[in-house]
Amino acid sequence: MNIKKILSAVLALILLLSGCRTELSDLQGAMQESVSSASSQGQEASAGFEPVTSVRIPYDEEDGLHPYTCKTVVNRYLCGLLYGSLVILNADYSTSLSYAERITPSAGNTVWEIVLRPGLLFPDGTECGADDLSYSILQAAAEGSYYRQSLEYVSSVAKSGNYSVTVTLSAADRNFSSLLVFPLIKNGTAAAPAALPGRYSLSEDGTRLFCNSDAKVQTVELVKLTDRSMLLQETRLGVYDIVYSDNPVGISVTSVGGMEAMPSTNLVYVGMNSSRALLNSADFRQALSLAVDAETVCEEIYRGYAAPAKGPFSPAFYEAAHLASYSCDLQAANRMLDDLGYKARSGEGYRLVGQSELSLDILVCADSGEKTELAAALAETIESLGIRASVTALSYENYLAAVETGSFDLYLAEVKLGANMDLGPLVLSGAYQNGSRGSLCYGMPVSEALAQAWLGYEGGTASAADFCETFYAVMPFLPVCYRESAAVYSRNFYFEIGATEQDLFHGILGWGS
C-alpha cells in the first residue's frame, strides 16, 4: 500500500472514531508517522510524494508590501517572509534574538537598550546602524503604521552608540521586546522602504519569492487574491497551499488538506457591572467565576479551538506555564452565595434579597454564533446557582453603545491583546487610565490594589503569580478562555507546519525535511 493510501486510511479511521470533529493533533501525528516511516525506507518518491520545493500563497496586489503600512492579513504574513526584524517571536510569546545582538531593560522596564548585530547590510550594500534603527522604531510607531498601537508608549529614541539606541517608554512594559518584530528600514526611506532582508526575496516581476538559504521550499508563488471569502474553498481546490483562519470552528478538515491550531491572544471574558448592587461585591463576582466550566466551554462551544485562561493570562504565554487554570466548583460557588446571605429561596427556587428574586442579564453581540451560544450556557450556569438569568442579544452597534454607557449586568466580550500580553486596558481603571491603559474597564471596580499589582508586574517587582493572587481577590472581570486560530493547508503538505499566529511561515525553512 502506498503512502497516499495509508494516509487516506488513517484519515478515514480518525474521522470514524472522532465523530463530527477530527482531532487534528492525532491526524497530524498519524500523517507524520506514516511519512517518516516511508522516508526511513527511502520510499518517499516511489510512494507518490514529490518533494515540496514550491508553495502557493495568496497576495493582495492592491495592498502592496510596504513593511509598515500594508493592512491585509495575507500581506502581513508575506512581509514576515520578506523582511528581517530585531527578534523572532516564539509560539509561547517569548523572543529569540534575530538582528539584535542584545536587548536590555532598566529603570523598572521603562528604558530599553537595543544593540544591533554589526555587519547587517541593506540591499544597496550599506550597513545598518543606530541611525537606521532609531528611524525604523520611530516610523513603525508613526501614524498610519500597523505597529503604531503596540508601540504607543515609546516616548523617545536616542542613539547611544554606532549600533545601539536607548528607547524610553512612558509606561513600564515587562515584555516590550516581544513588540520588536517590525522590519528594519534604511534611514530616510519610509516612502520606498529599503529593508533588511528576511528569509525570502521578491522576484523582479513581483510574482514569487526566492529563498535566501538552502531550505527545501525554494520558491513561494504569489497568487493574486480576488475574493477573501473564497480563501478556504480555493485552498481546497488547490489554488493556495496555506492560508490563515481566524476562526477554525466549523471548518471540516475533509474539505482541505488539514489544519494546525495556533494559540492566539484573543481573550474571551465576562465583564461585570460593579455599580450594580450584587456585582459590587468581590465575593459575589468570585462565586460567579467558580461556577463557569471553562473546559466545557472550550470543548463544546469552541469545538476544542480554545483553551481555558490561566488567571487572566493566555495558557500559551511562557510566564503562565506554572499558573493554574480556573477550576469549576458549583458547590463552592453556592456556599459562597449562602454565606453572603442569599439562602432564602422563592417558590420557584430562586435566591431572594428581601422579597425580590436575584436576577442577572447577560449582554451579548448577536453577530457571533459562539458568543450567543456561550451566553446561553452562562445563563444556564447562573440559573444553577439559584439566580434568574436572561440574555439580551444586540447588533454590534447597539451592543457597543450599551457596554459604553454601562447598560448591562454582565456582558460577553473578546479582546485581542498584544504579543506583550498587556492586560493594562482591562485592569488599570480610575487614576491609572491613560492612552489604551484602562480603556476596556467598562463597569469594572476601581481597585488601587489591582492597579499596583499590575504595575508591579510590568515593572519587574512582582511575578505573574503575584499579580494573579490580587486579580483573584478583586475579580474585576471573569476570564473564560483564549481562542485559537489555525493554519489551513492543502493536500500537498505531509509534514508539520510549525506555524504561529504571528508568523504563519514560522517553520517554513524546515518544511519538507
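Counting only protein chains, not ligands or nucleic acids, how are H506, H322, H66 ordered by accessible area (probe 1.4 Å), most first?
I get H322, H506, H66, largest accessible area first.
Pulled fully out, how much extra length does the chain show between D205 and Y396, if you take 0.36 nm times their separation in residues and subtract their Cα-Cα distance?
Full-extension gain reported as 64.5 nm.
Calculated from DSSP H runs of 4 or more alone, at -39500 (n - 2.57) each and per residue, what is the 222 nm mean residue ellipticity of the chain, nearest 500? Walk me through the intermediate numbers first.
Working: 12 runs with 132 residues, N = 513.
Calculated at 222 nm, the ellipticity per residue is -8000 deg cm²/dmol.
Based on the Cβ-Cβ distance from T296 to Y472, what FRET efficiency comes out when R0 is 22 Å, to the nearest 0.05?
Working from the Cβ atoms, E equals 0.60.
To the nearest 20 Debye, how big is the dipole of the chain about its Cα centre, given +1 on the beta carbon of each Lys and Arg and -1 on that of each Asp and Glu?
Working: 32 positive and 58 negative charges, 37 e Å.
With only Lys, Arg, Asp and Glu charged at Cβ, the dipole is about 180 debye.
What percent do you get for the relative contact order of the chain when only Cα pairs under 8 Å and 6+ apart count?
19
Please report the spacing between the Cα centers of segment 247-310 and segment 448-508 in Å, no decimals.
Cα centres, segment 247-310 to segment 448-508: 13 Å.
At what distance in angstrom do the alpha carbon centres of segment 143-213 and segment 325-350 lie from each other?
52
Tell me which DSSP H helices of the chain clear both cut-offs, 18 Å or more of axial length from alpha-carbon atoms and a mean Kyte-Doolittle hydropathy of at least 1.6. Don't skip to the end; give the middle numbers.
Working: long enough: 3-18 (22 Å, 2.17); 24-40 (23 Å, -0.11); 369-384 (23 Å, -0.07).
In the chain, the long hydrophobic H runs are 3-18.
Show E234, E469, E101 ordered by accessible area, largest first, where the area counts protein heavy atoms only and the probe is 1.4 Å.
Details: E234 30, E469 135, E101 95 Å².
So, going from the largest accessible area down, we get E469, E101, E234.
How long are the semi-axes of the equivalent ellipsoid of segment 64-131, taking √(5λ) for every eigenvalue λ of the Cα gyration tensor, in whole Å from largest down?
23, 19, 11
On full extension of the chain, what length is gained from L138 through K216, given 0.36 nm per residue of separation minus the C-alpha to C-alpha distance?
Contour length minus the Cα-Cα distance gives 24.4 nm.
Could you work out what % of the accessible surface of the chain is carbon and sulfur, using a 1.4 angstrom probe and leaving DNA, RNA and ligands out of the count?
51
Report the paramagnetic label zone for S359: residues of segment 375-390 whose backbone N is under 13 Å from a point 7 Å from Cα along the Cα-to-Cβ axis.
387-390
S54 to D227: FRET efficiency via 1/(1 + (r/R0)^6), r the Cβ-Cβ distance, R0 30 Å, to the nearest 0.05?
Details: r = 23 Å, r/R0 = 0.78.
E between S54 and D227, to the nearest 0.05, is 0.80.
Can you give the accessible area of Y99, probe radius 1.4 Å, in Å² rounded to 10?
Result for Y99: roughly 40 Å² accessible.
Once you have a ≥ b ≥ c as the square roots of the Cα gyration tensor eigenvalues for segment 199-321, tell me rounded if a/c is under 1.5, and otherwise prolate or oblate according to whether a/b is larger than b/c.
prolate
Kirkwood Rh over Cα pairs of segment 241-386 into Stokes-Einstein at 20 °C, 1.002 mPa s: D in µm²/s?
For these conditions, the coefficient is 123 µm²/s.
Give the accessible surface of the chain per residue, rounded to a whole number of Å², with probe radius 1.4 Å and ligands, DNA and RNA excluded.
Numbers: 21670 Å² over 513 residues.
With all protein chains present, the chain gives 42 Å² per residue.
For a test of the definition: using alpha carbon positions, the gyration tensor, and the 1.5 limit on a/c, classify the chain as rounded, prolate or oblate.
Oblate shape, in that a/c is at least 1.5 and b/c is the bigger or equal ratio.
Please turn the phi angles of segment 142-154 into ³J(HN,Hα) values with the Karplus equation 6.51 cos²θ - 1.76 cosθ + 1.60 (θ = phi - 60°), one per residue in order, whole Hz, x for glycine and proline.
Going residue by residue, I get 7, 4, x, 7, 4, 8, 4, 4, 5, 9, 5, 9, 6 Hz, with x marking Gly and Pro.
The values are calculated or read from the model by the stated rules, or taken from the named source; none is laboratory data. Everything numeric in this text was worked out from a predicted model, so none of it was measured. Because the Cβ atoms are built from the backbone with ideal geometry, glycine has one as well, and the counts that use them run over all protein chains shown. Each accessible area value is taken on the protein alone, full model and side chains, heavy atoms only, with ligands, DNA and RNA left out. Shrake-Rupley method; radii C 1.70, N 1.55, O 1.52, S 1.80 Å.
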